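Asker: Mind looking over this structure? Questions follow.
The values are calculated or read from the model by the stated rules, or taken from the named source; none is laboratory data. Values in this document were obtained by computation on a predicted structure and should not be read as measured data. So basically every Cβ, Gly included, is an ideal-geometry build from the backbone, and we count neighbours across all protein chains shown. Remember, those area values only see protein heavy atoms, side chains included, never the ligands or the DNA or RNA. Shrake-Rupley method; radii C 1.70, N 1.55, O 1.52, S 1.80 Å.
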Amino acid sequence: MKYFFKHLNVVNRHRFEVFKLCCKCGFPLRGLLHDLSKYSYTEFSESVKFIKKSNGKKSPLAVCREENGYSKAWLHHFGRNRHHYEYWYDPCAKIKSPIIPFEYMVEMVCDRIAASKTYNKKSYNNSMPYNYLSQDKSLFLLNEHLKAFLEEIFCQLKEDGEKVLNKKNLLKLYLKHTKNESSY
(Lines give C-alpha, C1' and ligand atoms only; values in the text may rest on other atoms or scores of the structure.)
Protein backbone atom coordinates (compact mmCIF):
# COMPACT_ATOMS: atom_id res chain seq x y z
CA MET A 1 0.00 0.00 0.00
CA LYS A 2 2.92 2.31 0.78
CA TYR A 3 4.17 2.19 -2.82
CA PHE A 4 0.67 2.72 -4.20
CA PHE A 5 0.44 6.08 -2.44
CA LYS A 6 4.06 6.93 -3.12
CA HIS A 7 3.51 6.50 -6.86
CA LEU A 8 0.17 8.33 -6.74
CA ASN A 9 1.98 11.26 -5.14
CA VAL A 10 4.68 11.25 -7.86
CA VAL A 11 2.09 11.16 -10.65
CA ASN A 12 0.03 13.94 -9.07
CA ARG A 13 3.10 16.15 -8.47
CA HIS A 14 4.29 15.61 -12.06
CA ARG A 15 0.88 16.37 -13.55
CA PHE A 16 0.55 19.51 -11.44
CA GLU A 17 3.98 20.74 -12.63
CA VAL A 18 2.97 20.09 -16.26
CA PHE A 19 -0.32 21.92 -15.69
CA LYS A 20 1.46 25.00 -14.29
CA LEU A 21 3.94 25.04 -17.19
CA CYS A 22 1.23 24.50 -19.82
CA CYS A 23 -0.70 27.44 -18.33
CA LYS A 24 2.43 29.62 -18.72
CA CYS A 25 2.66 28.49 -22.34
CA GLY A 26 -0.99 29.19 -23.13
CA PHE A 27 -2.29 25.60 -23.20
CA PRO A 28 -4.08 24.98 -19.88
CA LEU A 29 -6.29 22.24 -21.33
CA ARG A 30 -3.23 20.25 -22.49
CA GLY A 31 -1.90 20.55 -18.94
CA LEU A 32 -5.19 19.45 -17.42
CA LEU A 33 -5.47 16.39 -19.68
CA HIS A 34 -1.77 15.51 -19.43
CA ASP A 35 -0.92 11.87 -18.63
CA LEU A 36 -4.38 10.76 -17.53
CA SER A 37 -3.48 7.28 -18.79
CA LYS A 38 -1.03 6.99 -15.86
CA TYR A 39 -4.06 6.25 -13.67
CA SER A 40 -5.05 3.22 -15.79
CA TYR A 41 -4.48 -0.23 -14.32
CA THR A 42 -1.89 -1.14 -16.99
CA GLU A 43 0.34 1.83 -16.25
CA PHE A 44 -0.29 2.34 -12.56
CA SER A 45 0.18 -1.29 -11.46
CA GLU A 46 3.52 -1.70 -13.26
CA SER A 47 4.74 1.63 -11.91
CA VAL A 48 3.85 0.66 -8.34
CA LYS A 49 5.71 -2.62 -8.81
CA PHE A 50 8.93 -0.84 -9.87
CA ILE A 51 8.78 2.36 -7.82
CA LYS A 52 10.78 0.86 -4.95
CA LYS A 53 13.66 0.04 -7.30
CA SER A 54 13.58 3.52 -8.86
CA ASN A 55 14.42 5.14 -5.49
CA GLY A 56 12.49 8.23 -6.59
CA LYS A 57 15.40 9.18 -8.88
CA LYS A 58 13.88 8.10 -12.20
CA SER A 59 10.76 6.73 -13.75
CA PRO A 60 9.70 3.28 -12.52
CA LEU A 61 9.00 2.42 -16.16
CA ALA A 62 12.64 3.13 -17.06
CA VAL A 63 13.65 0.68 -14.32
CA CYS A 64 11.18 -1.87 -15.69
CA ARG A 65 12.62 -1.49 -19.21
CA GLU A 66 16.17 -1.91 -17.87
CA GLU A 67 15.17 -5.06 -15.99
CA ASN A 68 12.81 -6.70 -18.50
CA GLY A 69 13.87 -5.18 -21.81
CA TYR A 70 10.42 -3.64 -22.30
CA SER A 71 7.53 -2.17 -20.36
CA LYS A 72 3.87 -2.87 -21.05
CA ALA A 73 3.00 0.34 -19.23
CA TRP A 74 5.37 2.41 -21.39
CA LEU A 75 3.93 0.92 -24.59
CA HIS A 76 0.44 1.68 -23.29
CA HIS A 77 1.47 5.20 -22.26
CA PHE A 78 3.12 6.52 -25.41
CA GLY A 79 0.46 4.88 -27.56
CA ARG A 80 -2.16 7.10 -25.94
CA ASN A 81 -0.32 10.35 -25.35
CA ARG A 82 0.44 12.57 -28.32
CA HIS A 83 3.08 14.59 -26.47
CA HIS A 84 5.46 11.64 -26.87
CA TYR A 85 7.28 11.50 -30.19
CA GLU A 86 7.00 7.72 -30.13
CA TYR A 87 3.24 8.16 -30.63
CA TRP A 88 3.94 9.72 -34.04
CA TYR A 89 6.80 7.46 -35.16
CA ASP A 90 5.90 4.88 -37.83
CA PRO A 91 8.79 2.79 -39.16
CA CYS A 92 6.68 1.66 -42.14
CA ALA A 93 5.56 5.12 -43.27
CA LYS A 94 7.17 7.16 -46.04
CA ILE A 95 7.97 9.87 -43.46
CA LYS A 96 8.80 7.88 -40.36
CA SER A 97 8.85 10.85 -38.00
CA PRO A 98 6.47 13.63 -39.09
CA ILE A 99 6.23 17.19 -37.80
CA ILE A 100 4.24 16.97 -34.56
CA PRO A 101 1.55 19.64 -34.12
CA PHE A 102 2.60 22.68 -32.07
CA GLU A 103 0.33 22.09 -29.06
CA TYR A 104 1.78 18.61 -28.49
CA MET A 105 5.34 19.89 -28.85
CA VAL A 106 4.60 22.50 -26.18
CA GLU A 107 3.21 19.76 -23.95
CA MET A 108 6.36 17.71 -24.64
CA VAL A 109 8.53 20.64 -23.52
CA CYS A 110 6.45 21.07 -20.36
CA ASP A 111 6.53 17.32 -19.70
CA ARG A 112 10.32 17.12 -19.87
CA ILE A 113 10.79 20.12 -17.60
CA ALA A 114 8.21 18.80 -15.12
CA ALA A 115 9.86 15.36 -15.11
CA SER A 116 13.21 16.98 -14.28
CA LYS A 117 11.56 18.95 -11.47
CA THR A 118 9.68 15.92 -10.13
CA TYR A 119 12.63 13.53 -10.03
CA ASN A 120 15.30 16.03 -8.95
CA LYS A 121 13.14 17.91 -6.44
CA LYS A 122 15.12 20.66 -4.68
CA SER A 123 18.29 20.01 -6.69
CA TYR A 124 16.49 20.93 -9.94
CA ASN A 125 18.03 23.64 -12.09
CA ASN A 126 17.08 24.95 -15.54
CA SER A 127 19.97 23.16 -17.27
CA MET A 128 18.60 19.70 -16.40
CA PRO A 129 16.09 19.40 -19.29
CA TYR A 130 18.84 20.38 -21.76
CA ASN A 131 21.28 17.88 -20.22
CA TYR A 132 18.66 15.13 -20.31
CA LEU A 133 17.90 15.90 -23.95
CA SER A 134 21.57 15.61 -24.92
CA GLN A 135 21.79 12.19 -23.20
CA ASP A 136 18.53 10.73 -24.56
CA LYS A 137 19.66 8.00 -26.94
CA SER A 138 16.14 7.34 -28.26
CA LEU A 139 15.88 10.82 -29.80
CA PHE A 140 17.25 9.52 -33.09
CA LEU A 141 13.60 8.61 -33.79
CA LEU A 142 12.48 12.23 -33.50
CA ASN A 143 12.25 14.43 -36.58
CA GLU A 144 15.49 16.43 -36.82
CA HIS A 145 13.62 19.75 -37.09
CA LEU A 146 11.70 19.04 -33.88
CA LYS A 147 14.90 17.96 -32.17
CA ALA A 148 16.42 21.34 -33.10
CA PHE A 149 13.32 23.06 -31.68
CA LEU A 150 13.72 21.19 -28.37
CA GLU A 151 17.43 21.93 -28.24
CA GLU A 152 16.87 25.63 -28.77
CA ILE A 153 14.08 26.02 -26.23
CA PHE A 154 15.97 24.03 -23.58
CA CYS A 155 19.10 26.06 -24.29
CA GLN A 156 17.06 29.25 -23.80
CA LEU A 157 15.63 27.80 -20.58
CA LYS A 158 19.13 27.03 -19.34
CA GLU A 159 20.35 30.55 -20.11
CA ASP A 160 17.30 32.74 -19.41
CA GLY A 161 14.98 30.73 -17.15
CA GLU A 162 11.28 30.01 -17.41
CA LYS A 163 10.41 33.43 -18.85
CA VAL A 164 11.12 31.83 -22.29
CA LEU A 165 8.15 29.51 -21.75
CA ASN A 166 5.46 31.59 -23.38
CA LYS A 167 3.31 30.93 -26.42
CA LYS A 168 4.83 33.71 -28.53
CA ASN A 169 8.43 32.55 -28.06
CA LEU A 170 7.57 28.86 -28.44
CA LEU A 171 5.60 29.48 -31.65
CA LYS A 172 8.41 31.60 -33.09
CA LEU A 173 10.91 28.79 -32.44
CA TYR A 174 8.55 26.08 -33.66
CA LEU A 175 7.94 27.92 -36.95
CA LYS A 176 11.65 28.68 -37.32
CA HIS A 177 12.43 24.97 -37.23
CA THR A 178 9.37 23.57 -39.03
CA LYS A 179 8.10 26.33 -41.36
CA ASN A 180 9.19 24.78 -44.64
CA GLU A 181 8.73 21.19 -43.58
CA SER A 182 5.84 18.99 -44.55
CA SER A 183 4.52 16.03 -42.62
CA TYR A 184 3.36 14.39 -45.84
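Asker: Placing +1 at every Lys and Arg Cβ and -1 at every Asp and Glu Cβ, with all other atoms neutral, what dipole size does the stretch 39-159 have around its Cα centre, in debye to the nearest 20?
Answerer: 500
Asker: How large is ³J(HN,Hα) for each residue in the stretch 99-112, as worked out from phi by the Karplus curve 6.51 cos²θ - 1.76 cosθ + 1.60 (θ = phi - 60°), to whole Hz, x for Gly and Pro?
Answerer: Values per residue, Gly and Pro as x: 6, 7, x, 3, 4, 7, 5, 4, 4, 4, 4, 4, 4, 5 Hz.
Asker: Rounding to the nearest 20 debye, state how big the charge dipole of the stretch 103-184 is about its Cα centre with +1 on each Lys and Arg Cβ and -1 on each Asp and Glu Cβ.
Answerer: So the magnitude is around 240 debye.
Asker: Also, I was wondering about something else. Mind checking which lysines have their Cα closer than 17 Å to the Cα of Lys179? Skip sequence neighbours fewer than 8 apart in that chain.
Answerer: Lys147, Lys167, Lys168
Asker: Among residues other than Arg82 whose Cβ falls under 9 Å from its Cβ, what is the net charge (Lys/Arg +1, Asp/Glu -1)?
Answerer: -1
Asker: Here's something else I'd like to know. Accessible area per residue of the chain at 1.4 Å probe, in Å²?
Answerer: 56
Asker: Another one. Which residue fluctuates the most in the chain, going by a Gaussian network model with Cα springs under 10 Å, if the choices are Asn166, Asn55, Asn143?
Answerer: Ranking Asn166, Asn55, Asn143 by mean-square fluctuation puts Asn55 first.
Asker: Using a ≥ b ≥ c from the Cα gyration tensor of the stretch 55-129 (square roots of the eigenvalues), is it rounded, prolate or oblate, where a/c under 1.5 gives rounded and otherwise the larger of a/b and b/c decides, a/b for prolate?
Answerer: oblate
Asker: Here's a follow-up. Among Ser116, Phe102, Tyr130, whose Cα sits farthest toward the positive end of the charge dipole of the stretch 37-184 (+1 at Cβ of Lys/Arg, -1 at Cβ of Asp/Glu, about the Cα centre)?
Answerer: Looking along the dipole axis, the top candidate is Ser116.
Asker: Same structure, new question: Using a 1.4 angstrom probe with every protein chain in place, what is the largest-first accessible-area order of Leu175, Leu61?
Answerer: Result of the area sort, largest leading: Leu175, Leu61.
Asker: Here is a further query. Would you mind putting 19-29, 132-142 in packing order, based on average other-beta-carbon counts within 10 Å, highest first?
Answerer: Per-residue mean Cβ counts within 10 Å order the peptides as 19-29, 132-142.
Asker: For Glu17, Glu151, Glu43, what's the largest-to-smallest order of accessible area, 1.4 Å probe?
Answerer: Heavy-atom accessible area, descending, gives Glu151, Glu17, Glu43.
Asker: Arrange the residues Asp90, Asp35 by how much accessible surface each exposes, largest first, with a 1.4 angstrom probe.
Answerer: In descending accessible area the options line up as Asp90, Asp35.
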